[in-house]
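Before any comments, here is the structure.
The values are calculated or read from the model by the stated rules, or taken from the named source; none is laboratory data. What you are looking at is a predicted structure, and each value in this text was computed from that prediction instead of being measured. Quick reminder, even Gly has a Cβ in these numbers, built from the backbone with ideal geometry, and neighbours come from all protein chains shown.
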Amino acid sequence: MRKLLFILHKYTGLTAGLLLVISGLTGSLLVFHDALDEQLTPELVTHGEHRAPLSTVIANAESATGKTAQRIDLSRQPGSPHTLRFAKNAQAAGPQQVSVSPYSGEVLAVRDWGHYPMTWIYRLHYTLLAGANGKTVVGILGLCLLGFCLTGVVLWWPAGKRKGKWKRHLTIQRGAGSYRLHFDLHQVTGIYLLPALLVVAFSGVSLVFAKQVSAAVGAVLPLQERPAPHSVPSEQPPLGPDDAMALVQSRFPDATLQRLYLPQKPTDSYRIAFTLPNDAWQDYGANNVWLDQYSGAPLALWQIDQLTPGSQFMSWQFPLHNGDALGMPGRLLVLFTGLAPLLFFVTGSYLWWTKRQLKRRAAKRRKT
């Protein structure tokens, strides 16, 4: 059995290793997606004393595109822009995005998602630039990573109970030659990063195969159906976005409002995503409230700490995947975990190639 697991571990790694390296490296970069985007596009960063009304921000963005805004991601910190999302252009990989100064309301950039650096990296990470088929491949890579974790533990587990056996499997031996160094780096790094690798792999699979994972989780833990309420058309004019945000802020005074989904039809509602102080993450607005677009009456609430266990479990997957669930330490851990596939591929390939060369030399000696 151990020999079979070793063969699976080795040849799956040699086959899928490069794609896992790409997925890991791009995932490491995406941990600081917004900050890197602002570094690469410094014109997005603006400062001011007073914030422009959201109605002005939306109107300016709509004027720049000639389209109706679908949602607005609010400025994540002082100096960062609001980002508005519009329907995708023909031939574009994703929605059109408009960055607007939260202070002056000035349009700073109009870009197609997937075509500027950080979103191109996101596409590479999530779909390998191959659309729906690439997304499926990425999900399968996540399953392979889970398999590597499980087979790796079995192969690493020390056999016997001799003194010092465990220490030898948990430390990198110095001065023992190149082969031993690569072997130790491969297994010791893997065992120390095992919890993080399992979490990143499972959460990635849950994001790609959300329906299948939800069904599996639902078989064990109760799940809630996500609300989809509608507004009742009225003769009175719709609420403005600033009024909708003010209503939510008054109901949740300690909340950080992060995204506003705008009504597209007379029966649509406002949806506001927000983070509460006791949430384990601060950048992912997992809580949502829906408001009637005419009266402002609350229609539904999706608050993480009030959900069933299964729904809470699923809500954790995205912030676990990008490290937001554990703050800056979590982001750094995910960043370093994303570098691990490169280390595993290099050391594993070295071990395989070295053994292969030794076997070839031994075979030649037997023939002579």
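Screening the range 1-51 for residues that are of a type in the set (Lys, Arg) and more than 30 Å from Glu106 (Cβ to Cβ) and picking the one that is modelled with the lowest pLDDT gives Arg2. Residues satisfying the criterion are absent from the range 206-228 (criterion: farther than 29 Å from Ile304 by Cα and part of a helix (DSSP H, G or I)). Tallying residues that are surrounded by fewer than 19 Cβ atoms within 10 Å (Cβ to Cβ) and closer than 16 Å to Leu299 by Cβ within the range 265-277 yields 4.
Can you name the residue in the range 198-233 that is among the hydroxyl-bearing types (Ser, Thr, Tyr) and touching a Gly at 6+ places or on another chain (Cβ under 9 Å) and is also surrounded by the fewest Cβ atoms within 10 Å (Cβ to Cβ) among such residues? Among those residues, the one meeting the criterion is Ser214.
Would the range 103-111 turn up any residue that is surrounded by 15 or more Cβ atoms within 10 Å (Cβ to Cβ), touching a Leu at 6+ places or on another chain (Cβ under 8 Å) and at positive phi? Looking through the range 103-111, none of the residues is surrounded by 15 or more Cβ atoms within 10 Å (Cβ to Cβ), touching a Leu at 6+ places or on another chain (Cβ under 8 Å) and at positive phi. Is there a residue being free of Cβ contacts under 8 Å to residues at least 24 places away in the same chain, closer than 28 Å to Gln312 by Cβ and in a helix (DSSP H, G or I) anywhere in the range 238-249? For the range 238-249, residues free of Cβ contacts under 8 Å to residues at least 24 places away in the same chain, closer than 28 Å to Gln312 by Cβ and in a helix (DSSP H, G or I): present.
Quick check on my filter: what residues within the range 111-157 are in a loop (DSSP other than H, G, I, E, B) and either free of Cβ contacts under 8 Å to residues at least 24 places away in the same chain or hydroxyl-bearing (Ser, Thr, Tyr) (or both)? Selection gives Gly114, His115, Tyr116, Leu129, Ala130, Trp157.
Residue count for the range 290-306, restricted to those that are surrounded by fewer than 18 Cβ atoms within 10 Å (Cβ to Cβ) and among the aliphatic types (A, V, I, L, M): 3. Within this structure, Thr136 fails the test of being of a type in the set (S, T, N, Q) and within 30 Å of His82 (Cα to Cα).
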